[in-house]
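To keep things clear, I will list the structure first and then write my remarks on it.
The values are calculated or read from the model by the stated rules, or taken from the named source; none is laboratory data. None of the values given here were measured: they were computed from a predicted structure. Positions of Cβ are generated from backbone atoms using ideal geometry, with glycine treated the same way; all protein chains shown enter the neighbour counts.
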Amino acid sequence: MKTWLSDMWGKVRHSESDFYGESGLSTAGLGAMDSLGDLGRWDELAAEVTQEGQGRVVIAGLPQSGKRTLLNRLRGWDMTPVWKPISPEQAGGIGLESYGSFLLADLTQPEGGRLVDGEELLLMLGDPALVLYVIDAGRGVLPADYRWVALLRAGGRPILVALNNITDCEDQAAAVAEAARRLGTAVIPISATSGLNVEDTLLPALLNAVPRLAVPLGREIQGIRQLAARRIVRQAALFAGILGAQPIPLLDLPFQIMLQSGMVMRVGASFGHAPGGGLNREILVTVGGALAFRYLAQSVVKLVPFVGWVAGGALAAASTLLIGEATIQYYAADGKIPFRQWLRRPRPTRPPILARFRRRSTSATSTQADVVPVEELTLAGVEEGAA
C-alpha cells in the first residue's frame with residue numbers, strides 16, 4: 001500500500017509542478033487524465049489486499065510459557081491443548097505448529113547443537129510479519145529467553161515481548177522492570193488465563209507494531225475486528241486528506257477513489273470477505289455516488305488559495321470516513337444481503353453509524369429539539385441514490 005501511495009503522490013507532485021511551470025494547464029490536464037488509468041487497477045488492488053491478508057504472527061517462547069493458552073484466549077475457544085509434551089524433533093531446538101495466521105513456535109535449548117543466526121531463524125519460522133515472544137513471569141527471564149529474543153531481533157522483524165502469568169507475581173511492577181532490564185526492551189504484562197491486558201493492551205500493540213496486520217488479525221480474531229477495521233479507515237482518511245490538500249482541482253479524485261476502493265476491500269477482508277467481491281464494488285458505487293456532490297464541492301473549493309486547499313483535504317478525509325464507517329456497519333451486520341437492500345431495511349433494526357446527537361429544528365414555527373441519527377443525515381443521499 002505504501003508503494004502504491006508513493007507512486008500516486010509522485011504523480012500528483014509531478015502534475016502540480018507542470019501546472020505552475022511553462023507547460024501550463026494542458027500538461028496538468030494530461031497528468032490528470034493519465035491518472036485515470038489507475039481506476040482500472042481493481043484486480044491489482046485486490047491482489048495486494050489478498051497478499052496483506054497472508055501476514056502471519058509467530059507466538060514463540062520456551063516450552064510451558066503459556067503460548068497455547070494465549071492463542072486460545074485470542075481465538076476465543078480451546079483450539080489447541082494447553083500442554084503438549086516435547087517431541088524428539090522439538091528437542092533439537094524448534095517445534096512449529098501452524099494455525100492459519102498464527103504459528104506456535106516452541107524454542108528449546110539444543111544440546112550440543114549449532115547456533116542459528118537471526119535470518120535463518122526467521123526463515124525457519126516462515127518469514128513472519130511479527131513475532132510475539134511469551135515469557136513465564138513465574139520463572140522470569142532465563143538466559144535461553146534472552147538468546148532467542150536477541151536472535152529474533154537480529155533478524156530485523158518487529159518483535160513484542162509478553163510477560164505472561166503476571167498475576168502470579170507478588171510485586172508485578174518489579175517483575176516487569178526486571179524483565180525489561182534483562183531483555184533491553186519493553187515488555188507487556190499479561191495473563192492469558194484470566195485475559196488481563198490481552199484485549200485492551202496486547203492486541204492494540206500488535207496493530208501498532210505492524211499496521212498491515214489489521215486484515216489478518218481482524219479476520220482471525222472477532223474481538224479486534226472492528227478495531228482493526230477502524231484503524232484501516234483512519235489510515236485511509238489520513239492519506240485521503242493529504243492527497244485532497246493538493247491545490248489542483250480534480251487531479252486527486254482518481255487517486256482518492258482508488259484509495260477508498262482499497263479501504264473498502266481491506267475492511268471487507270478483515271470481516272472475512274474476498275477483496276475482489278462484487279459487494280465491495282456495490283458499496284463503493286452506492287456510497288460514492290451519494291457523495292458525488294461532496295466530491296464536486298471539494299474540487300470547487302480549491303479555487304480559493306490556501307484556505308480552499310485545507311478545506312479540500314478536510315472534505316476528502318470526511319468522505320473517506322463516511323464510506324469506511326458505512327462499510328464497517330454493513331459487514332458487522334453480516335453483509336449477506338445486497339448493500340442497497342441493507343440501506344432500505346427498517347430503521348429500528350439498523351445499527352447507527354455514529355452516536356446519536358441532538359439537532360435543533362430549523363423550522364421557524366418549532367423550537368423543540370429533535371433527536372436524529374447521524375446516519376439519517378449522512379446516508380440520506382445514499383438511499384436516494386440506491387432507489
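Of all residues in region 151-170 being out of contact with any helix residue (DSSP H, G or I) (no Cβ under 8 Å at 6 or more places or on another chain) and of a type outside the set (Asp, Glu), which is surrounded by the most Cβ atoms within 10 Å (Cβ to Cβ)? Step through it out loud before you land on a result.
Residues of region 151-170 that are out of contact with any helix residue (DSSP H, G or I) (no Cβ under 8 Å at 6 or more places or on another chain), as a first pass: 165, 167-168, 170.
Filter again for of a type outside the set (Asp, Glu), leaving 165, 167.
Working: 165: 23, 167: 14.
Within region 151-170, the match that is surrounded by the most Cβ atoms within 10 Å (Cβ to Cβ) is 165.
Being part of a helix (DSSP H, G or I) and out of contact with any Ser or Thr (no Cβ under 6 Å at 6 or more places or on another chain) holds for only one residue in 232, 283, 248, and it is 232. When residue 253 is tested against (1) modelled with pLDDT of 80 or more; (2) surrounded by 24 or more Cβ atoms within 10 Å (Cβ to Cβ), only condition (2) is not met. Scanning region 111-127 for residues that are at negative phi, of a type outside the set (Val, Ile, Thr) and at pLDDT 60 or above yields 115, 117, 118, 119, 120, 121, 122, 123, 124, 125. The requirement of being at pLDDT below 90, in contact with a strand residue (DSSP E or B) (Cβ under 7 Å, 6 or more places away or on another chain) and either in the same structural domain as residue 160 (by TED's automatic domain parsing) or surrounded by 15 or more Cβ atoms within 10 Å (Cβ to Cβ) (or both) is satisfied by residue 89.
Only one of 289, 335 is at positive phi and small (Gly, Ala, Ser); which?
On the way: 289 fails: at positive phi.
Every option except 335 fails the conditions.
Has region 57-73 got at least one residue that is modelled with pLDDT under 90 and not hydroxyl-bearing (Ser, Thr, Tyr)?
Our first condition is that a residue be modelled with pLDDT under 90; within region 57-73, this holds for none.
Within region 57-73, none of the residues are modelled with pLDDT under 90 and not hydroxyl-bearing (Ser, Thr, Tyr).
Within region 286-320, which residues are among the aromatic types (Phe, Trp, Tyr) and not in a helix (DSSP H, G or I)? Passing the criteria: only 306. If you check residue 173 against the conditions, is it buried (at least 20 other Cβ atoms within 10 Å of the Cβ) and either over 23 Å from residue 119 (Cα atoms) or touching a Leu at 6+ places or on another chain (Cβ under 6 Å) (or both)? Judged against the criteria, residue 173 is not a match. For region 198-219, the criterion of a residue being within 27 Å of residue 268 (Cα to Cα), without any contact (Cβ under 8 Å) to a residue 40 or more places away in the chain and in contact with a strand residue (DSSP E or B) (Cβ under 8 Å, 6 or more places away or on another chain) is satisfied by at least one position. Scanning region 187-207 for residues that are in contact with a Lys or Arg (Cβ under 6 Å, 6 or more places away or on another chain) and buried (at least 21 other Cβ atoms within 10 Å of the Cβ) returns a single hit, 192. The requirement of being outside the structural domain of residue 275 (by TED's automatic domain parsing), without any contact (Cβ under 8 Å) to a residue 40 or more places away in the chain and closer than 17 Å to residue 75 by Cβ is fulfilled nowhere in region 157-176; no residue meets it.
Among residues of region 116-167 being in a helix (DSSP H, G or I) and in contact with a Phe, Trp or Tyr (Cβ under 9 Å, 6 or more places away or on another chain), the one that is farthest from residue 189 (Cα to Cα) is 121.
Any residue in region 208-231 that is touching a Pro at 6+ places or on another chain (Cβ under 7 Å) and either crowded, with 23+ Cβ neighbours inside 10 Å or more than 16 Å from residue 326 (Cα to Cα) (or both)? Yes, region 208-231 contains a residue that is touching a Pro at 6+ places or on another chain (Cβ under 7 Å) and either crowded, with 23+ Cβ neighbours inside 10 Å or more than 16 Å from residue 326 (Cα to Cα) (or both).
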